[in-house]
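The structure appears right after this line, and notes come after that.
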Amino acid sequence: MNYRLISALLKSHWAIDPQFALNSINWVNDLLSGKTEIEPASEEKYTPYATKPQASDRYVYRAIDEAEKGSVAVIPIMGSLMKQDQLCGPMGMATLGEMAKRADNNPNIEGILLHIDSPGGTVDGTERFASIVKNTQKPVVTYVDGLMASAALWIGSGADEIIASTANDEVGSVGVMMKFADFQPFYEEMGVKFHTVTADQSSEKMKMFEEIRNGNYKEFKEELLNPMAQTFINAIKENRPLAEDRHLSGKVFLADKAMGAFVDRIGSFDEAVNRVYELADENKTNNNNQNQATMKTDKVNEAIGVSALEFPDGYASLSLAQVEALENRLAQLEQDKEKADNDLTEKDNTISEKDKEIENLQNEVQELKESPGDKHSEVYKKIDQKGKEEEGKEEMLTDDDLKTYNAIKR
């Protein structure tokens, strides 16, 4: 019935508080030997739900998909965490992550509260769940209710704010570890002979495992544990910029000793829920301001290659690359303006020349109107020999005809 839990115990890498792991050795041994069975846990403790404070300060609890408008989704992160659901225990991180995504997409949910009391769990599944928390569109508040260590810290640190229930809550344990018990010598003393046979093409199949059995941990640390730990550390640095190197070496801190690094304030569960509402209201105001700012800065957005600048607290920050892009765009605009000015000047000169040509042509036309023509023709009526006008059509004579006529007339 507990094969998923047993499988994780046997094969997984864990980001878990070392003291918790050490104290669990006897229980794990009893579980693996079949002496202990786990009874199903209370669903109420581990199932995500939606809540909405009423005027009477009483809470209404519903399934997230049935949430009333204006509700807060509560995601419990309790106990040892594994990627998949435990048959006799809490939901796995894969399911919890999907529940967080559903809450983020639910129009009736204002924000999300992570209710955490966990020593951590398997590395497998943690990074994905932590990424979902960090990338939600709605505000997320983490509420530490006792312990938030290792993998649980990785997940919870992605929230917008972290609230601890008391000053004595424990937070920290950044890091990755592996505990390995080599039972082979014990069985060999009992006469059990072990044989390991690998295919010719699989020379690396057992190499790292055998190195660990021989006490050579270098390769295992360099190729597996160290990269996992560095990914974990980088995520914490990004999520909690005030965390110092001393906070990232695996130590566990009391909440009041880790203010700024891992905790933002001490408060109650009710205060944590109300803080989700406050952040949701702030987001709505910021989104309105952002929309107005985007409309006013569309040219700048285009110049630096972003869809919209963000204006937290009314100010926007640009990277060096964005500043260079903006500077290049301004220089290009200056060049375009200079070229346009030159083109305009050239067109003005052309127009001035055309105006002069038109003026000259108009003067020539006027002169032609006022001067006599080069040649002219006279029109007369045809006269017969008796000096009487002939009836009929008037005719026009050519210059030669006119000369002849004038000669005869004289």
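The values are calculated or read from the model by the stated rules, or taken from the named source; none is laboratory data. Computed from a prediction, not measured in an experiment: that's the story for all the values here. Because the Cβ atoms are built from the backbone with ideal geometry, glycine has one as well, and the counts that use them run over all protein chains shown. With ligands, DNA and RNA removed, areas are computed over all heavy atoms of the protein, side chains included. Shrake-Rupley method; radii C 1.70, N 1.55, O 1.52, S 1.80 Å.
The table that follows gives values for the structure above.
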read-out	value
DSSP-loop GluC sites (Glu not before Pro) across region 66-163, with at most 15 other Cβ within 10 angstrom	E68
With every protein chain in place, region 118-269: carbon and sulfur % of accessible area (1.4 Å)	49 percent
Gain on full stretching of the segment that runs from K205 to F183 - 0.36 nm per residue minus C-alpha separation	5.9 nm
Sites matching trypsin sites (Lys or Arg not before Pro) across region 125-208 that sit in DSSP coil, with at most 14 neighbouring C-beta atoms within 10 Å	K179, K193, K205
Pairs from K69/K134; K101/K134; K134/K251; K179/K257; K179/K218; K299/K337 whose Cα-Cα separation, in the structure shown, is over 20 Å	K69/K134; K134/K251; K179/K257
Pairwise label distance in nanometres, N214 with E68, each label 7 Å out on the Cα-Cβ vector	6.8 nm
Nearest-0.05 FRET efficiency for E282 and L224, computed from C-beta distance (R0 51 Å)	0.75
Packing rank of 322-328, 226-232, 259-265, where each peptide gets the mean count of other beta carbons within 10 Å, highest leading	259-265, 226-232, 322-328
Hypothetical label at K257: residues of region 128-145 whose amide nitrogen lies under 19 Å (7 Å Cα-Cβ projection)	144-145
Karplus-derived 3J(HN,Hα), 6.51/-1.76/1.60, for each residue of region 172-177, Hz, glycine and proline x	x, 6, 6, x, 10, 9
Neighbour-limited loop hits for chymotrypsin sites (Phe, Trp or Tyr not before Pro), region 77-180 (at most 10 other Cβ within 10 Å; DSSP other than H, G, I, E, B)	F180
